[in-house]
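Q: Below are the structure tokens for one structure; questions will follow.
The values are calculated or read from the model by the stated rules, or taken from the named source; none is laboratory data. Keep in mind the model is a prediction, meaning the values are calculated, not measured. Cβ placement follows ideal geometry from the backbone for every residue including glycine, while neighbour counts extend to all protein chains displayed.
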Amino acid sequence: MSIALRPQVFYDRAARRGGTGVDERQARQALRDALGERGFLDGADVEERYLVDVAGHRGERPLALLRPQNTGEVSRAMAICHAACIAVVPQGGRTGLAQGQLPRAGEAVLSLERMCAIESVDADAGMATVQAGVILQTLQEHVDPLGFLFPLDLGGRGSCTIGGNIATNAGGNRVIRYGMTRELVIGLEAVLADGTVLDGLTPVIKNNTGPDLKQLFIGSEGVLGVITRAIVRLMPKPAERAVALCCLPDFSAVRSLLRRVRSGLGGELTAFEVMWDSYYSRALRVAGRPPPLAGGHPFYALVEASGTDAAAMTGRVEATLQSAIEGGAVIDAVIAKSAAEIEHLWHLRDISVEVARLMVPLVPFDVSVPVADMEPFVNRLDAAVLALDPRCDTIVFGHVGDGNLHIGVHRLEDRPELFEIIEESVYSLMSEYRGSVSAEHGIGVLKRDFLRHTRSAAEVATMRALKQALDPGASSIRDGSSRRSRLRERAGLFGRRAGTHAFRGVFSSGA
């Protein structure tokens, strides 16, 4: 038996076991024959970009780099690796923030970058069929002149791939209107660990013929199979966007404004992003532009609406904000008057990675909390962190409209052991609020030890059963890395480049 997909969430190590007698040398040659010279590189020839992530963490040099150009080649590569007991690390755009895409020695990286075709657009049905390696921004720009919008949008749009977005069930800036990636997938094709191809590319919305198998792979982070192609949902492109930035006196006002814009804008409400001043003031420094609103207010809300009737929509935005100002929920507001001003307002929210780099070393969090509980949660988080080290500083921002907060805790001392102490203090609060330790970034490696705070033992057992069913050779042997080396590695986040300890691989996705 063997395992070709490393089960990084449900199991911690891919074991080397007796397979069909195919040794590593034979496997290399078989992979080279199956994929050709452009599709196979020995580990010694693999470029650095396949070994690092956006936060500067570095994996180990893999056995090989596999670059298939179609589903058939993915299937053959997986079958060969399965027979030779070679673990495979699927990679998309390598923009993931949970270190899941980094390889370990002896493993094969499977990059979907050559599978980058937009195969078709069905204008009647509002669907597009794409290969997994298509860049998100490429798809957005391809359907725009056709009058469509692919509504998934996030900061890594220029690098992240559709396959990675699906494998991590990416969220982004428009979830409040269009939902997570899961809501945008109509059909899916995936390759299992032994090379079996599951063709679920059925271009119909209504298909009640048993369990919806594509849902197993959406958000699975590459644990259950390699996503190769998908049919995704397209929406009519809004004619206009209205974007406003508001400053607010307290979090009760934030909740009040959210209720007002939901009621006043209805289905036109596209985004509701909130920045605590701890984040906003730093973003102003990073942006280096005149501030649209002065810093120093407790909260800032970025509101976007989009629709077909520009005049009516803008009027509703203005009326809603005026009502909020008169009701005391909003101190001041500015509405963008041009595309450049819209970009300027969104830029403050989109430069979160640059803001985080001002706070090295940083402990990052991507959590979901019910909106009603956000204020007490953040207050308790601050208290817990300051109790550990009074010199810590915290930034908070996120997609408040859908309950997602991004939090960064700045430590003045680069003490690796403090990293996990802070994490445990924060994540231990999640079970009390029925939240999630990962709202959209996935589990990867960074959050593997904290899954217990938001998933029950029964849920984890069910995940293991699914893994065992789709890959019967899966092993539950623990990861061999020591706690010390893991801590040292994780201390490099947004700071100095970490060492060479490798992690489990998944498709990557943007933040």
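Q: Can you name the residue in segment 88-113 that is more than 22 Å from GLY172 (Cβ to Cβ) and under 21 Å from the mean Cα position of the chain (by Cα) and is also surrounded by the fewest Cβ atoms within 10 Å (Cβ to Cβ) among such residues?
A: First pass over segment 88-113, keeping only residues more than 22 Å from GLY172 (Cβ to Cβ): 88-89, 102-111.
After this cut, where a residue has to be under 21 Å from the mean Cα position of the chain (by Cα) as well, the list is 88-89, 102-103, 109-111.
Numbers: VAL88: 28, VAL89: 30, LEU102: 32, PRO103: 30, VAL109: 26, LEU110: 27, SER111: 24.
Ranking the candidates gives SER111 first.
Q: Considering LEU429, LEU405, LEU418, which residue is at pLDDT 90 or above, farther than 27 Å from ARG94 by Cβ, crowded, with 18+ Cβ neighbours inside 10 Å and of a type outside the set (Phe, Trp, Tyr)?
A: Values: LEU405 fails: farther than 27 Å from ARG94 by Cβ; LEU418 fails: at pLDDT 90 or above.
That would be LEU429, the only listed residue that is at pLDDT 90 or above, farther than 27 Å from ARG94 by Cβ, crowded, with 18+ Cβ neighbours inside 10 Å and of a type outside the set (Phe, Trp, Tyr).
Q: If you check VAL74, VAL22, which single one turns out to be closer than 21 Å to THR196 by Cα and buried (at least 19 other Cβ atoms within 10 Å of the Cβ)?
A: Answer to the selection: VAL74.
Q: Name the pairs whose Cβ atoms lie under 9 Å apart, with the first residue in segment 34-62 and more than 13 Å from LEU110 (Cα to Cα), the second among the aromatic types (Phe, Trp, Tyr), and 6 or more positions between them or separate chains?
A: Hits for this filter: ALA34/PHE40; ALA55/PHE494; GLY56/PHE494; HIS57/PHE503; GLY59/TYR50; GLY59/PHE503.
Q: Looking at GLY158, GLY133, GLY164, GLY126, can you tell me which residue is on the phi > 0 side of the Ramachandran plot and in contact with a strand residue (DSSP E or B) (Cβ under 9 Å, 6 or more places away or on another chain)?
A: Going through GLY158, GLY133, GLY164, GLY126 in turn, the sole match is GLY126.
Q: Please state which one of ALA193, ALA230, ALA170 is in a strand (DSSP E or B) and small (Gly, Ala, Ser).
A: ALA230
Q: Sort out which residues of segment 174-199 are touching an Asp or Glu at 6+ places or on another chain (Cβ under 6 Å) and closer than 19 Å to ASP122 by Cβ, and write them in order of number.
A: Listed by number, the residues that qualify are GLU189, ASP199.
Q: Within segment 31-79, take every residue that is acidic (Asp, Glu) and within 28 Å of the chain's Cα centre (by Cα) and give me the one that is modelled with the highest pLDDT.
A: GLU73
Q: If you check VAL254 against the conditions, is it of a type in the set (Val, Ile, Thr), more than 30 Å from ARG448 (Cβ to Cβ) and either surrounded by 19 or more Cβ atoms within 10 Å (Cβ to Cβ) or not assigned by TED's automatic domain parsing to the domain that holds PHE299 (or both)?
A: yes
Q: Of the numbered conditions (1) of a type outside the set (Phe, Trp, Tyr); (2) without any contact (Cβ under 8 Å) to a residue 60 or more places away in the chain; (3) not in a helix (DSSP H, G or I), PRO238 satisfies every one except a single condition; which is it?
A: (2)
Q: Now for a different question. Under the condition of being basic (Lys, Arg) and surrounded by fewer than 17 Cβ atoms within 10 Å (Cβ to Cβ), which residue from segment 180-232 is modelled with the highest pLDDT? Talk me through it step by step, then tell me what you get.
A: Residues of segment 180-232 that are basic (Lys, Arg), as a first pass: 182, 206, 214, 229.
Within this subset, residues satisfying the condition of being surrounded by fewer than 17 Cβ atoms within 10 Å (Cβ to Cβ) are 182, 206.
Details: ARG182: 97, LYS206: 92.
Per the criteria, the residue is ARG182.
Q: Right, something else. So which residues in segment 302-322 are touching a residue at least 60 places away in the same chain (Cβ under 8 Å) and surrounded by 14 or more Cβ atoms within 10 Å (Cβ to Cβ)?
A: Matches in segment 302-322: VAL303, GLU304, ALA305, SER306, GLY307, ALA310, MET313, THR314, VAL317, THR320, LEU321.
Q: Residues of segment 137-167 being farther than 18 Å from SER120 by Cβ and part of a helix (DSSP H, G or I), which ones?
A: Residues satisfying the conditions are GLN137, GLY164, ASN165, ALA167.
Q: Do any strands (runs of 3 or more DSSP E) entirely within segment 40-95 hold 2 or more residues that are among the aliphatic types (A, V, I, L, M) and closer than 17 Å to GLU221 by Cα, and if so, which?
A: Values: elements: 40-42, 64-66, 88-91.
The qualifying strands (runs of 3 or more DSSP E) are 88-91.
Q: Check every one of the helices (runs of 4 or more DSSP H) wholly within segment 258-369 and list those with 1 or more residues that are modelled with pLDDT of 95 or more and not basic (Lys, Arg).
A: Fully inside segment 258-369 and qualifying: 277-287, 310-326, 339-350.
Q: Restricting to segment 119-136, and then to whatever is in contact (Cβ under 8 Å) with a residue 40 or more places away in the chain and assigned to a loop (DSSP other than H, G, I, E, B), can you tell me which residue is surrounded by the most Cβ atoms within 10 Å (Cβ to Cβ)?
A: Among those residues, the one meeting the criterion is ALA132.
Q: Here's another thing I want to ask about it. Give me the pairs: first residue in segment 324-345 and at negative phi, second residue among the basic types (Lys, Arg) and part of a strand (DSSP E or B), beta-carbon distance under 7 Å, and six or more apart or on different chains, which are they?
A: Partner pairs satisfying both residue conditions: ILE342/ARG241.
Q: What is the residue count in segment 418-448 for residues that are assigned to a helix (DSSP H, G or I) and either under 17 Å from SER220 (Cβ atoms) or touching a residue at least 12 places away in the same chain (Cβ under 8 Å) (or both)?
A: Selection size over segment 418-448: 14.
Q: Further question: With the structure loaded, tell me whether LEU152 is more than 26 Å from ALA439 (Cβ to Cβ), without any contact (Cβ under 8 Å) to a residue 40 or more places away in the chain, touching a Leu at 6+ places or on another chain (Cβ under 9 Å) and assigned by TED's automatic domain parsing to the domain that holds LEU192 or whether it fails that test.
A: Judged against the criteria, LEU152 is not a match.
Q: Another question, then. Those residues that are among the β-branched types (Val, Ile, Thr), closer than 13 Å to VAL409 by Cα and surrounded by fewer than 22 Cβ atoms within 10 Å (Cβ to Cβ), I need them from segment 345-369; list them, please. It would help to see each step written out before you state the result.
A: Just the residues of segment 345-369 that are among the β-branched types (Val, Ile, Thr), to begin with: 351, 353, 355, 360, 363, 367, 369.
This time we only want the ones that are closer than 13 Å to VAL409 by Cα, so: 355, 360, 363.
Matches in segment 345-369: VAL360 only.
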